[in-house]
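Have a look at the structure below, then the notes.
The values are calculated or read from the model by the stated rules, or taken from the named source; none is laboratory data. Nothing here was measured: the structure is a model prediction, and the numbers come from that model. No Cβ is skipped: glycine too gets one built from the backbone with ideal geometry, and neighbour counts run over all protein chains shown.
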Amino acid sequence: MKRESFEAAWSLYPKLKECVEGASGDRGRFMVALRIALTGNTLEFGAGDHEPDLEKLEDEVFRVVEKNPSIDESEEVYRRVEECERILYVTDNASEVVFDRIFIEELDRYAVVEIAPLSRPVQDDATVEEIKKAGLDDKHRIISRGDSIGVCFKKTGREFCKRWDDADLVIAKGMGCYETLVDYPEKTGGKVVLLMMVKCLPVSRDVKAPPGSTVVKIM
């Protein structure tokens, strides 16, 4: 299923890239690319109450792109990206990396972007293998964050912790990042941009956003 969902996502890459290229101005391009990155969460399997339909994937993706997030701090995110020099991008699931590529290519216009996948396969989360498969390893430093879902600083390596501390901004994808980073307020400090789709009731209640909605939130 991991391979199937990656291939389904890759088939949409040209159309999604056209959406970015057709947007008006730098801000418009950025906002479309950010929304596309959010859509990647619709491909995650095994996430409680959410189950994507690969046969209807294109419709679902464009529905998310066109819908406003329930929590939307995108304007502040854009302002911060314009001012930063170094961004650390923490990935979520494997198929989502195709959508991340579009956003990362846009972020490249503003800052140096480093990418932090898992060191080995855990559930359907992205590893270095998927980063390479999506063609993101040529121009970006890849830093493994260990083998735990989300970000668990007790289990990440020294290099990842240094890159986290050195980053001006961290893009953190998915509920796993939210559920782990809330335990490290001293590490977020308002420099983490959370991008996720709400896929279960406990998280829905916690962030005050309905299931199935998307969130762009600074932590």
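When Gln123 is tested against (1) surrounded by fewer than 21 Cβ atoms within 10 Å (Cβ to Cβ); (2) part of a helix (DSSP H, G or I), only condition (2) is not met. Being touching a residue at least 24 places away in the same chain (Cβ under 8 Å), polar (S, T, N, Q) and more than 14 Å from Phe62 (Cα to Cα) is not true of Ser24. When Thr156 is tested against the conditions (1) of a type outside the set (A, V, I, L, M); (2) more than 25 Å from Val216 (Cβ to Cβ); (3) crowded, with 16+ Cβ neighbours inside 10 Å; (4) without any contact (Cβ under 8 Å) to a residue 24 or more places away in the chain, the lone failure is (2).
Taking the residues in region 80-120 that are of a type outside the set (A, V, I, L, M, F, W, C), part of a loop (DSSP other than H, G, I, E, B) and under 22 Å from Met175 (Cα atoms) as candidates, determine which candidate is modelled with the lowest pLDDT. Within region 80-120, the match that is modelled with the lowest pLDDT is Ser95. Scanning region 159-170 for residues that are out of contact with any Phe, Trp or Tyr (no Cβ under 7 Å at 6 or more places or on another chain) and either more than 25 Å from Glu85 (Cβ to Cβ) or surrounded by fewer than 17 Cβ atoms within 10 Å (Cβ to Cβ) (or both) gives Glu159, Lys162, Asp165, Asp166, Asp168.
Yes/no matrix, rows are residues, columns are (1) crowded, with 22+ Cβ neighbours inside 10 Å; (2) touching a helix residue (DSSP H, G or I) at 6+ places or on another chain (Cβ under 8 Å); (3) of a type in the set (Phe, Trp, Tyr):
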| site | (1), (2), (3) |
| --- | --- |
| Arg80 | no, no, no |
| Glu83 | no, no, no |
| Ser95 | yes, yes, no |
| Tyr110 | no, yes, yes |
| Glu114 | no, yes, no |
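Of the residues making up region 132-153, those that are among the charged types (D, E, K, R) and surrounded by fewer than 17 Cβ atoms within 10 Å (Cβ to Cβ) are Lys132, Asp137, Asp138, Lys139, Arg141, Asp147.
Looking only at region 148-191, count how many residues are among the hydrophobic types (A, V, I, L, M, F, W, C) and either over 17 Å from Asp100 (Cβ atoms) or part of a strand (DSSP E or B) (or both). Total satisfying the criteria: 11. Here the condition is being under 21 Å from Gly146 (Cα atoms), crowded, with 17+ Cβ neighbours inside 10 Å and charged (D, E, K, R); of Lys173, Lys199, it holds for Lys173 alone. The numbered conditions (1) modelled with pLDDT of 85 or more; (2) in a helix (DSSP H, G or I); (3) surrounded by 24 or more Cβ atoms within 10 Å (Cβ to Cβ) are all true for Asn41 except (1).
Only a single criterion out of (1) farther than 18 Å from Lys173 by Cβ; (2) under 14 Å from the mean Cα position of the chain (by Cα) is not satisfied by Gly40, namely (1). Among the residues of region 65-79, those identified as among the β-branched types (Val, Ile, Thr) and assigned to a helix (DSSP H, G or I) are Val65, Val77. Residue check: is Ala172 more than 25 Å from Val64 (Cα to Cα) and not basic (Lys, Arg)? No; evaluated as a whole, the condition is false for this residue. Remark: pairs (first residue in region 104-120, among the basic types (Lys, Arg); second residue modelled with pLDDT under 95; Cβ separation under 8 Å; 6+ apart in sequence or on different chains) = Arg120/Thr127; Arg120/Asp147.
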